[in-house]
Structures are given as structure tokens and as C-alpha cells.
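Student: Can you read through this structure? Questions will come right after.
No value in this document is a laboratory result; all are computed from the given coordinates. Everything numeric in this text was worked out from a predicted model, so none of it was measured. Glycine also receives a Cβ, built like all others from the backbone with ideal geometry; neighbour counts cover every protein chain displayed.
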Amino acid sequence: MSKEYSDQILDYLTAEMLNGPSPPDLSERIEAAWAAEKDAQSTAKVATNTQLPYVDAALLSQPPVAPPVQARKKSFQSTEKRSPWIAALTASAALLVAAIAWTAWPENGNDVAEGEGGGGATQFESGPKQPPGTNLAGASNTKKARAANPGSRQKQSPKKELNLDSLPFDTSPSGIQPERETQLAINQEIAEPLEASAIVGSVNQHFAEIWAAIGVQASGRLAEPLLKNKILLNLIGAESLTETSESLEIDPDLQQAAFVQQLMETPEAASFLAKKLASALVVRNPRELEEADGTVFTKLASEAISGGQDWNKFVQSVLEADLSTESKLPLDVAAKFVYRKLAVGDKHRMMNRLGSNLLNTNSSCVRCHDNKSSTSPTLAKQESYWSIVALLNGVQVRRNADDGSLKLTDKQNEIFANKSPVVYYTLPDGQVLSATAKIPGGVDWDKTEAGSPRAALAAWVADSPLMDQAVVNQTWKLLFGRHLVPQVQGIDVVAIPQRQAVLDMLATQYRAHGRDVRSLVTWLASTDLYAQATVSVSRQQWLEETDQAFEKLQLAEIAFAVPLSLGVGRDANSLASSLDMMNRFSGSSPTLADLPTTLAQPNIEKPGKGKELVLEMPSVGFVVHRNRPTAAERTFVDKLLGASELSWAEKVDHVVSLFPEVNGRPRDLDTKLLEYHDGNAKEALLTLLWAVKNNAASPPK
Amino acid sequence: MATNGGVSKMEEDSKTAASSSGGEQVELDLTELVARHQVAVWRYLRALGAEPALADDLTQDTFLEIMRKPFTQYGDAATASYLRRVAHNLFISRRRRDVRMTVTEHAEKFESAWVRWAGFDSGNAALDALTDCFERLTERARLALRLRFSGESTRETIAGELGITEHGAKNLMQRAKAQLRDCVERKIT
């Protein structure tokens, strides 16, 4: 417990003990104020109904204004009790005066619910736009102003707003401008579908320009048989070119693009892709797809892909399907599987999965504060996040304590039957606000054509350009090991604007081609990037190369000029292995200390009798970052540690959530890292940042 | 609380105030809510730094705020916590409006300290413990604290009364408060 705050409380209690005053009984006073407010509300309704010509009906429909303050002042200054009708009369008079003043005020004659800076939002701002009469409203008017102008809420605490996501080590220009999302949607609406060769050529050209600009060279093209093997392995999971070509009746001598196109027309490719996309959509562990419901989902997905169905619409149909237990239709069974996986944990984990899997956005930051560096301005507002949480109210997954199974419940019909439930959330400075169920952009779900809040959200998601980007980004990751554009700005800073342009182009064409994921995969697997040869680094090179050489290699990796396969060893890509590797390589071997390199050297322990010395090499990311987090990373961690509003667990979450592709395991490591660093929180967070970054950058083997 | 028309109105409104949110919920009785939590809210505001009159006003506003919005009551502790949060918001807003500094920037830490000291019984146990611990202080320490908190005397005045230097008076009060804090914490935990 903080001593400072204990002392503050002790001071107060001591003062009360020695000097009073003791807490007064405010029951009657509160009762009178409440009664007066209710009466004033009734009066306002009557006034609205009679449509007085000189009173703004919108104003009268606002919550009541003066009574609480009026009642408070009287009852505090005098013990004389006011009868409710007098209070009501006073309140009504005050309301009328306020209304008349409001309508007469030249700058506020228009709607109070205008955008930011409108008349309704001036409670904490300078007074020019505030009509004199509204001062009567007192504290109640604050609420009214907020209700009339939700956009003004964040303005109430500008000095204390956290901005942890504008990472200081982002040296590139921001990839997304506020108006970009809208423009993207317009572009996609009007885009003409291009020929596949034009799309592939455009990707090749973009990356050739990127490599030239940053001074890296591509690793060269794979030999044709190796390339075909790679294509088969990645697209249908087969290893033998000869056997597979025969069984699928594909000519192995075809050129890259033609070979990929033929392969993607096979049912095997559709089935394989369905599993990969389904896995990216809802689960981290592909084995979960082997559950009974999971196979139904992948089967439907496979049919949708092989039939050339709009993938977004397919996902929409799953997300809005019936979740009741009695329904046994395949689509409903698949929907229950998807929601069980999406909603397991709590609603915030569900939001994280929705954001990263369907909307190409890391939404975990927005839970606590607006995220200025979000990939989506629409979803960058804390209010949007909580509106979606409200929208998903009633969809819950709970684990059965007896057998550990997950039970999905959908109570939306019941909860939304009469009115939308309200959710409460806290601003960085501790203020509590409320949000109602709205789709991003601020439209109430019941104003849409959807039959349920879930369906409204599903329709919005499927039609959003963000989902197009998400599908492209995920598909890119399936083929290249990493997202084309990271979901958090500022971590991977190499050529982000140019890569974003490629993502936009591909997302636009994906939509223009009827969101056929087979076409998307065909384009990507036909590019020159995909045909790059892997670079291998010998053990001697690992030990002797300079940092500069590794930095250049890493730059080439990040820019997709070199396929990433540099981590060696059994599980070099796993987080645990990365950490273990770091610990073992953190020392300096005397026998290797004189080598012309600044690399971290391993602590070589003598092998036991009969055992060979096995020296695994770390990944490039480790080598480049060993012992030297960048100044910007240190600044970021300092900033995080200085955010006293966040608990330790939230700080750890913040670091981990920078990389959505890393699963929840790092959260379990925080205590061990603290112990490892003798309780040094900064070093622990820096290690964690390095670990998740390194892990996220490594492709699946 | 008097059972006039206002009360029945409150009770009637309380039925509509309890929102359905899918979880187990206890119907909100606003009359009971005020009776049960007003002392805690008032003390919380005072501990935050509100003057008595402001604490009165904000306590009233806190309950009015609760009444205006749908509210689900899951239990006493959750309700008390929510009320404190609303009270804290109102306090911050008032301070901003008055262009005055907020007393604490670390709402969560203050909340945590408050829960430890007074979260479960409005602070009565802490006050009882404090009264007991206060009697265990030396006469000079009690006098110094009485002068400080009752008379709001300056440190110079207190030093003069006790016949010690100003620095000595500061040390004496610091030690006395540390003793009090340790003693109360032992008793309430």
C-alpha cells in the first residue's frame, strides 16, 4: 500500500477524530433533490409535448438541469424544508429561462449535438460559446453537454492523456492518416479489377523500389524445383513434387504463376487454405480445428473457397448465425465453434481477437486510452472500443468446472429486448464514462437492417476495408512469415508507407475480385518475393561477422528481400527458446572473446561424458539486439513504467499486445523475468519487449 | 429517512433503475443505498481533500448521478467502489471547473489505500482504532497533533507551545503520525 495515500487518509481521519465535523445525514437533502429533479423532468416532458413555439424541443428533451443545485443550496444554507412542488416550480422556471437564453444566443442557435467544440461541450472550456442562462444548470449541465457531444469527453482531461502507443522509436512517418480509411473505402468501391499479371508486377515493382531505397539486395531466385517444392509445401502441405504433380495432374514444368494458378484450383489447395485461414481467424493452435465443430467450420470454409465465394461474406454469415444450443445446422455449429474460440477468456480478449484477426487492428491499447497510432482511426477511440463491447453484450463463454469444456451462451435477445445495456469505462485519469451498443462510426445497432447487435457488427466488419486489409495481411503472413504491415505502428519501421501502399493495392484488388482468397494467394505466390532463395549462415559466420553485417541482413529480412530462416536449432522460433538462448548467450566466453566481433558469445559449458557439445545459434534479431535495446526502446519502457495508472500486469500486457501474433505465454514470464533481473522492472520489461519482438519476427517453421 | 412521497418515488424509480445486463443482480433500493453508503462517500470525498460543504454537495451529486443512470447492484463492495468512482469523477470535475489542482493523480493507488483503511465499514473501524492508538501516544505528541489538527496552528506556534525548535516540532509530529499509522494498520488488518 502506498504510504503517501495512507498518510493522506490518516490525516483526514485524525482531523475528523479531533476536530470533526462528522459525516452529516444527507438522506433528506438527497431525497428532496431527487424528487425535485423528477418533477422537473415531468414538467419538461409536458413542455415538449405542447411544443412551445419559443423553446428548443431538443433542449427540453435533455436531462433536467437546475434542481440538484437549487435543492442543494437551500438545504445546505437552511434547515427549512422545501416542498417538492416548490422545487419543481423553481426548476421549471430556471429551465425556461435557460431555454430562452439558449435559443436567443446567436452562436448556439443550431443543434447542441454538433461536433467537437460545439456549444454543448464548453463546460470545461472558455466561456464565449456558453450562453449566460445555462450557468443555472450547474453540474447537471456537464452531463448534458457530454451526452450532447460525446466527442468532447476526451477533452476534459487533455493533460493526463496517455499516449503509450506513439512509440518513440517510430522514425517513419505515420502510415495512416485520419482521412485515409475513408479514402480507402472510396477507392475500393470504384476500383476496377486488374489482371493478375498486373497485380503481381505492381507488387514486384513496389518492392524493387523499396530495396533500392534502403540499399539492400534480394537474395536471388530459388531454383525451379526448389521453388515448386516450396509452393507445394506452403499451399497444400505436400512435399514431393513428382508425386503431387501426378496425383493432382499438374504439369511440374509450368512457370511459377501458371503452376500456382493450377494448384489453387484443386480442392486440396482449397481445403489446406481453409484450415490456414480458419486458424488465423479464430485459433492459435491448428489442432483445435480438429474438434468436431472445428471440422464443420473448416469444411464450410473449404467449400466457400473452392466455390469462389466472397470470403468476407462467408465470415459474416458465420458471425451472425444462430448460437442457440438447439440449432444443429452446419452454419450454426460452425458459428458456435467460432464464438467459443473468439470469446473464450473475457470480453476484452474477444475484442483483441476481433481486432487483430478481423480488423487488422491492435485493439488492446484502445481499451484504456485513445490510440493515436492505431492502424484505424475509426477504431482508435476508446469510446468505439467500449461501444463494441456493449454490442457484444450477452455473448459469453464459460469453462465448465467439471470437465473443462467451454460453454457458449447467447443472451442478446433477452438483454437487448427493451433497451441497449450500457457499459462503463474509465478514462486514463479515472473518470468513468458510459457507452451504448453502436457499430464503429457511431450508428446505433437498431438503426441498421441487422436483426441483432451481433449481426450488425458482423455486417459492418465484413463490409469494412479493414477486413479486406486483415485478410491480405494474414494471407501474406501465411506465405512470407510476417505481416506485410504490422498492426502496431512503430515497431517495424522499415518502409512502412510503401508497404502500406502495397497492402492498400492488394486489399482493393481483393475486393474488386469478389474477395476470392484463391486469387489473392495466387497473386502473392506468383511474385518475385516469394521466389527468393533462403540465405544460410554458417556457424563460423555467426561468430565472426560484425554487428553491421547482421544489421544489414536483418534489414533485408524485414524488407522481404531475404526469406527469414536464420534462426537455427530445434525451436529457435519459440519464445521460450529465444529467452533461453538470450540467457545462455549473455555471458562472454574467454576462448572466443578475442574474435573480431561484438556479438554476444555463448557461455560454453563442458559437455558431460559421452555427450557432444551442441552449440545452437540465435536468430538474427537476437544478435542485432543483444545487450543494446535502442534508446527509443528504453524511452518507451521508461514511459510505460512512469504510467502510474497502469498496474504491473497491464504494463506487461501493453508490451505483449504490441505483437498480436504472440500468444499469451509471455504474460506468464513476467515474474520469472523480474526474478532474473533481481526485481529490476525496467530490465524485465526490456527483456520482455526484446523477447516478444524477436519471437514475433520469426516465421513459423 | 422520512417516508414521504419522495421516498416512494425513489423506491419506484429504483425498480426501473436496475438494468438487465445478463448477470446475477440484486434489485437496487435507492433509499437503502443512500442510508448505507452516504457516510463512506462523504468521508472518501473529505479524504480526497474536499471541504465539508463541497463533500456535502458532491455526496448528493454522486447519488443523483447513480439515480439518473441504469445501475446494477452486484454487492455492497462493488456498489461502494462504483460510488467512490463516481464521487471521484465529480470531485475532479469540480476541481477543474474551479481551476484548482486535483488532490491525487493516482486514483487507483488512493482507492487501494482507501479500501484497506475504510473500504468495508465506512471508516468506523479505522476511527475507533485511531482513537485507541492516539491515546497511546506521549502527552507531547498528542498535544502537537491536537494543535495541528484542531487549532490548525502553524508549526511555529506548535514549537512555541512545546518549547522546542520548529524542526523538533516537525520531527515530533512526523514520528507521532508514523506511530499512529503503524498502530492503526496493525489493528485493522
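Student: What does the charge count around residue B:174 come to, taking other residues whose C-beta lies under 14 Å from its C-beta (Lys +1, Arg +1, Asp -1, Glu -1)?
Tutor: Local charge sum for residue B:174: +3.
Student: On full extension of the chain, what length is gained from residue A:533 through residue A:240, given 0.36 nm per residue of separation minus the C-alpha to C-alpha distance?
Tutor: 103.6 nm
Student: Moving on to the next point. Which net charge results when you count Lys and Arg as +1 and Asp and Glu as -1 among the other residues whose beta-carbon is under 12 Å from that of residue A:23?
Tutor: Summing Lys and Arg as +1 and Asp and Glu as -1 gives -1.
Student: Could you give the nm distance between label points at residue A:414 and residue A:328, where each point is 7 Å from its Cα heading toward the beta carbon?
Tutor: If labels sit at residue A:414 and residue A:328, their model points lie 2.4 nm apart.
Student: Something else: Determine the shielding of peptide B:91-97 by partner chains: average, over its residues, the number of Cβ atoms on other chains within 10 angstrom of each Cβ.
Tutor: 4
Student: Within the range B:110-189, list the GluC sites (Glu not before Pro) lying in a DSSP loop whose Cβ has at most 10 other Cβ atoms in a 10 Å radius.
Tutor: For GluC sites (Glu not before Pro) across the range B:110-189 that sit outside H, G, I, E and B with at most 10 neighbouring Cβ atoms in 10 Å, the list reads B:152.
Student: Peptide B:53-66: average number of partner chain Cβ atoms within 10 Å per residue?
Tutor: Averaged over the peptide's residues, the number is 6.
Student: Rounded to the nearest 20 Debye, what is the dipole magnitude of the range A:268-465 about its Cα centre when Lys and Arg each give +1 and Asp and Glu each give -1 at the C-beta?
Tutor: The dipole of the range A:268-465 has a size of about 460 debye.
Student: Can I ask one more? Which residues among the range B:156-189 fall inside the zone where the amide N is under 14 Å from a point 7 Å beyond the Cα of residue B:121, along Cα→Cβ?
Tutor: Inside the label zone: B:184-189.
Student: I need the fraction of alpha carbon pairs in the range B:124-188 separated by more than 18 Å, rounded to a whole percent.
Tutor: 35 percent
Student: To continue, here is another question. Distance cut-off 27 Å, Cα to Cα: go down the list A:341/A:693; A:230/A:672; A:276/A:313; A:328/A:438; A:275/A:407; A:407/B:69 and report the pairs above it.
Tutor: Listed pairs above 27 Å: A:230/A:672; A:328/A:438; A:407/B:69.
Student: Along each principal axis of its Cα atoms, how long is the range A:268-465 end to end? Whole angstroms, biggest number first, please.
Tutor: 53, 37, 34
Student: Specify the inter-centroid distance of the range B:120-189 and the range A:436-501, based on alpha-carbon positions, in whole Å.
Tutor: Spelled out, the Cα-based centre of one part sits 59 Å from the other.
Student: So how do B:110, A:272, A:636 line up by other beta-carbon neighbours within 10 Å, fewest first?
Tutor: Ordered by Cβ neighbours within 10 Å, fewest first: A:272, B:110, A:636.
Student: State, to one decimal in nm, how far the label point of residue A:463 lies from the label point of residue A:11, with both points 7 Å from Cα in the Cβ direction.
Tutor: Once both label points are built, they end up 5.7 nm from each other.
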